[in-house]
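Take a look at the structure set out below.
The values are calculated or read from the model by the stated rules, or taken from the named source; none is laboratory data. None of the values given here were measured: they were computed from a predicted structure. Note that we place each Cβ from the backbone using ideal geometry, even for glycine, and neighbour counts take in every protein chain shown. These area figures cover heavy atoms from the full protein model, side chains too; ligands, DNA and RNA do not enter into them. Shrake-Rupley method; radii C 1.70, N 1.55, O 1.52, S 1.80 Å.
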Amino acid sequence: VFRRLGSHALAEPYVRHVARRLGISEVALSLDLVPRVAHDHAPPRGVGVVAVATQRATEALRGLLALLVEHPEVQGMVYGMLEPEVVPAGESRDLLARLLSAEPGRGWAAWLAATEGTPGHDLLLDMRFEEDRRSGQDRAVDQEVRDFVDTLQADHWERTAAGLRQEMARPGLTREEADRLIVSYQDAVRRSKEHQARLAGRSPAPGMGHG
């Protein structure tokens, strides 16, 4: 049953039931099952849930950066919904932090000039050409912001859960460490699902508006 489920989150109710029937700790049973499920359902190299989510997040981040350049009025909205630390370290996160802290009202030309000689300049230039090729859409800007932010948040918590899942498979964990990891893992899964549910309630799919 656990192998068919292929997910610790989906297996959780069964773990609880079996642990009670056997009179053993849910933590111990979970730690025994997690590595088996992960091994039996290991995705092909370069594929998998986290890889797909990260690709969507990359597209969403480029879309969000372009929105901040084109529509500086959403700066406050983005600032209140997303911390740059949620985004993986790199030139995109640096540019996001800069866009969120800048005085509003610049536009493409001003930003390209301001970032001349930095990695952010090439990134902005790529996005500028993407905007030129973009087909017209009637989606509200605030809806696009929410889609992009939820995509980035869902990816962040997917990656967090994946990292915790690897830690949970580490041999030699104490009961205290295992309890802490399972609680953190379940919280990360819950948060990721919350953002995915918000995305599912809106259309079209996030990451498709830009880039």
Legend entry - Residues that are under 16 Å from Val86 (Cβ atoms) and open to solvent by 40 Å² or more (accessible area, probe 1.4 Å), drawn from region 178-189: Asp187
Legend entry - Test result for Leu112, at pLDDT 85 or above and surrounded by fewer than 18 Cβ atoms within 10 Å (Cβ to Cβ): yes
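For (1) surrounded by 17 or more Cβ atoms within 10 Å (Cβ to Cβ); (2) at pLDDT 90 or above; (3) farther than 19 Å from Glu73 by Cβ, each residue gets a yes or a no:
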{"site": "Glu83", "(1), (2), (3)": "no, no, yes"}
{"site": "Leu95", "(1), (2), (3)": "yes, no, no"}
{"site": "Leu100", "(1), (2), (3)": "no, no, no"}
{"site": "Val149", "(1), (2), (3)": "yes, yes, no"}
{"site": "Met168", "(1), (2), (3)": "yes, no, yes"}
{"site": "Glu176", "(1), (2), (3)": "no, yes, yes"}
Legend entry - Members of region 193-206 found to be closer than 16 Å to Arg146 by Cβ and in a helix (DSSP H, G or I), listed by number: Glu194, His195, Gln196, Ala197, Arg198, Leu199, Ala200
Inset, instruction - Could you give me the residue pairs with C-beta distances under 7 Å whose first residue belongs to region 163-188 and is on the phi < 0 side of the Ramachandran plot, whose second residue is among the charged types (D, E, K, R) and assigned to a helix (DSSP H, G or I) wherever it lies, and which are 6+ apart or on separate chains? - result: Leu181/Glu167; Tyr185/Arg165
Legend entry - So Ala197, is it at pLDDT 90 or above and surrounded by fewer than 14 Cβ atoms within 10 Å (Cβ to Cβ): yes
